[in-house]
Each structure stands twice: as C-alpha cells, then as structure tokens.
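Presented below is the structure to which this report refers.
The values are calculated or read from the model by the stated rules, or taken from the named source; none is laboratory data. This one's a predicted model, so the numbers in the text were calculated from it and none came from an experiment. Heads up, the Cβs are rebuilt from the backbone with ideal geometry, glycines too, and the neighbour counts pull from every protein chain shown. Remember, those area values only see protein heavy atoms, side chains included, never the ligands or the DNA or RNA. Shrake-Rupley method; radii C 1.70, N 1.55, O 1.52, S 1.80 Å.
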Amino acid sequence: MSQLVRLIGRRLVALPIMILGAALLVFVIMSFSPSDPARRALGPSASPKALDIYREANGLNDPLLQRYFSFVAGWFRGDLGTTSGNVPVTEVVAQAFPITLQLTFLGLLIAIVISAVLGVLAALFRDGWVDQIIRVFSIASLATPSFWLAILMIQWLGEVPGGWGIFPALVSRWVPLTEDPAAYVRSIALPALALGVPVAGSLIRVVRTAMVEELDRDYVRTAIGAGVPYPVVISRNVLRNALITPVTVLGLRVGYLMGGAVVIEIIFNIQAMGQLILDGVTRNDVFLVQGVTLVVAIAFIVVNIFVDLLYVLINPRIRSI
C-alpha cells in the first residue's frame, strides 16, 4: 500500500508541472501571432497613442517572461482575457467545455464497449469466422477518419434528402439531458458514434491480442484442469489481467478523442470548443484561441494522469515495485 501511495503521489506532484508546461507552450506559440490584441480591442480606427496606452495598461509591452507569469496568475484567478466581443473567455469556455466533455466521454464509452465485446469474442473464437469478420470490421473502422464517417452518417441516417431521417443532420440548439432526454440522445448519437467507432477499431486488436496472450498462459490451463468453470476463469482472471495493456493504449487515444471532438462539433454545428476555436482563428481572436487551447491541453493532461493511476490500480506488479 505504501508503494501505491508513493506512485500516486509522484503522479499528482507531476500534474501542476505539466500544466505549467502546457501553459508555457500555448502562451509562447500565441505570442508569435500576427494579430494585435490592442487593435483587436480598440478597432482599426484607433490612434497610435490609444494603442500604446492600451498595450501599457494591459502589460503587452512587458518582457515575454513577465507576461507569461501574469498570464498564469490570471489563469489561477479564472481570468483568461476577453474575446473580440468583450466577453470573458472564461465565460464562453464554461458554456462550451461541458458539451465537449460529454461528447468525448460518450465517444470513449462507445469505443470501450465495442472494443471490449468484439475483442473478447475475437480472442475466444480466434482464427474462426467470427474472428475474421471482427478483423475486417476492425481494419475498416481503423482506416475510416471520424470526419468522413460523420459525413456518411449524416447522408445515410440524417434528416437530409435521401437519408432515413432518424437523427438530425445538424444540431441547431444543444438540448441538455435533464431538459429532454430523447432530444439529447438524438442530437448526440451520430457525433458520438463518428467519434468512437474509429477508436474502437484500434482497441479491438489490442484487446484481442491481450486476451490471446492470457488464454495461452499456464494458469488458465491449470485452472480449467482443476475443474474451475471456463466462464469463471475468463471473467475473474483472464479479463482482469488482459485489461492492463488496453488501459494503457486507451490513455493515448483520449487525445485523439478530444481532438476529433473539435472537428466533429464543427461538422454537426455543435456550439462547443471546436466552434470556439474556429471562431477565434477566423477573427484572429488571440485570447479566445489561447484560452480554449489551454483548457483542452489541461483536460488532456488530467485525463492521462487519471488513466495512469487506473493502470497502477489494476496492475498488481506495479504496486509491488
């Protein structure tokens, strides 16, 4: 237990260091943007004197390192600057980020369910026709970009000419789950599927390989020979040991899911982080792009720390180091 506590403590200590590093990277990249925050705030007709006064008042003339520390201090106060419409970035991010989190979580859930079921079936019926069908599905899913799958789903299942009209093609207004569960499911089903299926394609092969390796170990044959029922051996021993590798790979896929969610949101017109990034880039809104990018980067770091801790908890060999 003491070893486990030390491992968790080291990862938690590393968390703020990685967050500060992400903030530094985002800040430095956005500092080289050709957009002038002073002119963006005051308008193109502002006089040079007014621009200088604004830059001095907001610390834009300070050295880069000093501006970075001011940026970090503002971030800890919940101040990420203001958009070109003089709206606090924190406010617009607080409205959009939960939607992106919901889409990412549902895409992750779909990927986990599909890969777990099909990966286990492929391992149990390896080299048979079930395994071959699942292999074709895995390869096809892995080779399909999420944005292309989203467009196909809109054409086939969306409310468009020639489609089946089961789901809305575009999300005109985001409906919370607590307000209308049926409308919520209809609006998020296609985006979540388009996001989760390609990830499931890669995880299926990982789950199958891990399961096959565990099924070939001596303890499985020993347990079956001792009279332990086969389903019990699979559920209590093989599955738990086979989870270690997929969980590790899953942490790497979270970044793909969050990045893919940004693109999927734009395709389905979901007013979330993807739309904010697009609006910020098209309007040269440095503070908006900087704030949204930083929040997404921090979320990615936190999720990977959580997956790392989960890996430690399910792997007894790590806990015994």
What's the magnitude of the charge dipole for the chain around its Cα centre, counting Lys and Arg as +1 and Asp and Glu as -1 at the beta-carbon? Answer in Debye, nearest 20.
780 debye
If every alpha-carbon in region 183-250 counts as one equal scatterer, what log10 I(q)/I(0) does Debye give at q = 0.19, 0.23, 0.24, 0.29 1/Å?
-0.76, -0.92, -0.96, -1.16
Fraction of alpha-carbon pairs in region 8-65 farther than 18 Å apart, rounded to whole percent, equals 52 percent
Calculate how large, on average over all directions, the projected area of the Cα convex hull of region 69-169 is; give the answer in nm² to one decimal.
11.3 nm²
Mind telling me which of Gly251, Gly225, Gly158 comes out most flexible in a GNM of the chain, alpha-carbon contacts under 10 Å?
Gly225
Rounded to the nearest 20 Debye, what is the dipole magnitude of region 105-218 about its Cα centre when Lys and Arg each give +1 and Asp and Glu each give -1 at the C-beta?
240 debye
Dividing the convex hull volume of the alpha carbon atoms of region 112-169 by its residue count, what do you get in Å³ per residue?
102 Å³
Mind checking the per residue accessible area of the chain for me, 1.4 Å probe, whole number of Å²?
53 Å²
Test of understanding: in a Gaussian network model of the chain with alpha carbons linked when under 10 Å, which of Arg236, Arg55, Arg67 would top the mean-square fluctuation ranking?
Arg236
Using the charge dipole of the chain (Lys, Arg: +1 at Cβ; Asp, Glu: -1 at Cβ; taken about the Cα centre), state which of Gly227, Gly119, Trp156 has its Cα farthest towards the positive end.
Gly227
How big is the C-alpha Rg of region 185-319 next to the rule-of-thumb value 2.2 N^0.38 Å, as a ratio?
1.43
Give me the dipole magnitude in Debye, nearest 20, for region 162-321 about the Cα centre, with unit charges on the beta carbon: positive for Lys and Arg, negative for Asp and Glu.
460 debye
Show me the three semi-axes of the equivalent ellipsoid for the chain, from the C-alpha gyration tensor (sqrt of 5 times each eigenvalue), largest first, rounded to whole Å.
44, 28, 14
Kirkwood Rh, Cα Rg: Rg to Rh for region 91-137?
1.34
How big is the Rg/Rh ratio for region 1-98, C-alpha atoms only, Rh by Kirkwood, two decimals?
1.12
Binned Cα-Cα distances of region 119-247, short to long, each 5 Å bin given as a whole percent:
2, 10, 14, 14, 13, 12, 11, 10, 7, 4, 2, 1, 0
The base-10 log of I(q)/I(0) that the Debye equation returns for region 228-285 at q = 0.21, 0.23, 0.25, 0.26 Å⁻¹, one scatterer per C-alpha, is -0.80, -0.87, -0.93, -0.96
What is the calculated FRET efficiency for Leu24 to Ser47, with r their C-beta to C-beta distance and R₀ = 25 Å, to the nearest 0.05?
0.15
Order by protection proxy (mean Cβ within 10 Å, highest first), peptides 28-39, 141-152:
141-152, 28-39
Tilt, helix 2-31 to longest principal axis of the chain (alpha-carbon atoms), in degrees rounded to tens, equals 40 degrees
A 1.4 Å probe over the protein heavy atoms gives the chain a carbon and sulfur accessible-area percentage of 69 percent
What residue among Gly255, Gly107, Gly196 has the largest mean-square fluctuation in a Gaussian network model of the chain, using Cα springs under 10 Å?
Gly255
